[in-house]
Amino acid sequence: MDQIALFLDSLPVVGVLFQLIGYLVTTVPVIAPIFVALAAPIALGALCGIMNERSGIVNIGIEGMMLSSAFTAFLVAALVAQAMGPIAPSPIFGATIPILAGVVAAVAMGMLVSLLHAWLSISIRADQIISGTIINILAFGLTAYLNRLIISPNPRLGAGIFQPIELPGYLVDLPFIGWILKGFFAHGPITISVLFLVVFLQIWLFRTRWGLRTRAVGEHPKAAETVGIDVIKLRYRNVILGGIFAGLAGAYLTLEQSGSFQNGMTSGRGFIALAAVIFGAWHPIGAFGAALVFGFADAIQSLLSILGVDVPPQVLNSVPYIVTIIVVAGVVGRVRGPAAAGQPYDQD
């Protein structure tokens, strides 16, 4: 067996591929919890995009929705914690009332910004790309200003973060599946919820009457209206509900990952989420798989940095974005999104 491995290693091209595969086989189980966590906000942002685009509304404002929700989550949690004083964390995920209040506030903010996007795109019939751009610019500018005004002068503001669950040793040590269980479930509640939300939305979108109506509105709204579907109402509802996922993504960044707010801390995750939507062919499970790919690229970048690989940091930091470009370039023209996405609809 060792001789076969040495022979494969010696081949010019196959040897490199063989070594790469061997490296991935040994590395993936180790860094699985890292890249699953990194994939969580991307997957949530992708679910937001799917809810919008399956309804016929293009949303490039996911980045701004996530950022505004992250700021709101941190600020509300910090203010509630300041008002209530010291609180003992719950044994379940280390949850406290301030942290839970922050999550609720983040979801509410995500839905509020989604309502703005729905109003501009559906009622005003503004260009949906411009509407999303407005949201991004507004979110970046406003959160940076409020951060400087409220949070930066008060460095002690904070409410803590959710704690990851610790799986029993007998589960983690199971052959073949132990590392998978640890990778997907040794996290805080928002990351764990992603897997269930993906499955739920997949079933809801392709196995229910609501899903059939949503897909019909996204493909041919005029035909959908002729069978009694209220196109405007359905689009409004779905865009606003999509804001729940963006809100959870924002809450993850400040209440599960870092415990602080930094200007522009989304770091392009909203745009990568859009790439995950395309790569996943507008299917929740496909988008989740794409998010794992991007999360893995981000984890490899972090791993190379920790190992001290002699590569300029600018190159390391660009790895997730290079992978995004390659993936999107590889699927453009091979997948087709909802036909009516991006097209304003006049119900009169």
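Of all residues in the range 86-106, those satisfying the criterion of being of a type in the set (Val, Ile, Thr) and open to solvent by 30 Å² or more (accessible area, probe 1.4 Å) are Ile87, Ile92, Ile97, Val104.
Each row is one residue, and each column tells you yes or no for (1) assigned to a helix (DSSP H, G or I); (2) surrounded by fewer than 24 Cβ atoms within 10 Å (Cβ to Cβ).
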site	(1), (2)
Ile192	yes, yes
Ile203	yes, yes
Thr214	yes, no
Val217	yes, no
Ala223	yes, yes
Phe245	yes, no
Gly250	yes, no
Ser260	no, yes
Ile278	yes, yes
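All conditions in (1) at pLDDT below 95; (2) open to solvent by 30 Å² or more (accessible area, probe 1.4 Å); (3) not hydroxyl-bearing (Ser, Thr, Tyr) hold for Ala186, with the sole exception of (2).
Considering only residues that are more than 18 Å from the chain's Cα centre (by Cα) and surrounded by 14 or more Cβ atoms within 10 Å (Cβ to Cβ), which ones fall in the range 320-331? Val331, the sole residue that qualifies. Taking interchain pairs and intrachain pairs at least six residues apart, which have beta carbon atoms under 8 angstrom, with the first residue in the range 247-269 and over 18 Å from Gly49 (Cβ atoms) and of a type in the set (Val, Ile, Thr) and the second open to solvent by less than 30 Å² (accessible area, probe 1.4 Å) and in a loop (DSSP other than H, G, I, E, B)? These pairs meet every condition: Thr254/Phe261; Thr254/Met265.
Any residue at all in the range 143-155 that is in a helix (DSSP H, G or I), open to solvent by 60 Å² or more (accessible area, probe 1.4 Å) and touching a residue at least 12 places away in the same chain (Cβ under 8 Å)? The answer is no; no qualifying residue exists. Scanning the range 45-75 for residues that are outside any helix (DSSP H, G or I) and open to solvent by 10 Å² or more (accessible area, probe 1.4 Å) yields a total of 3.
One line per residue, one yes/no per condition, for (1) open to solvent by less than 40 Å² (accessible area, probe 1.4 Å); (2) assigned to a helix (DSSP H, G or I); (3) modelled with pLDDT under 80; (4) more than 30 Å from Ser193 (Cβ to Cβ):
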residue	(1), (2), (3), (4)
Trp282	yes, no, no, no
Gly289	yes, yes, no, no
Leu292	yes, yes, no, no
Gly295	yes, yes, no, no
Ile300	yes, yes, yes, no
Gln314	no, yes, yes, yes
Asn317	no, yes, yes, no
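Listed by first and then second residue, the pairs linking a residue in the range 321-344 that is closer than 10 Å to Ile278 by Cα to a residue that is open to solvent by less than 30 Å² (accessible area, probe 1.4 Å) and at pLDDT 80 or above, with Cβ atoms under 8 Å apart and 6 or more places separating them unless they lie on different chains, are Val327/Ala275; Val327/Ala290; Val327/Phe294; Val328/Ala275; Val335/Trp282; Gly337/Glu53; Gly337/Trp282.
The values are calculated or read from the model by the stated rules, or taken from the named source; none is laboratory data. Fair warning: this is a prediction, and the values are worked out from it, not measured in the lab. Reconstructed Cβ throughout: ideal geometry from the backbone, glycine too, with neighbour counts over all protein chains shown. All accessible areas refer to the heavy atoms of the entire protein, side chains included, with ligands and DNA or RNA removed. Shrake-Rupley method; radii C 1.70, N 1.55, O 1.52, S 1.80 Å.
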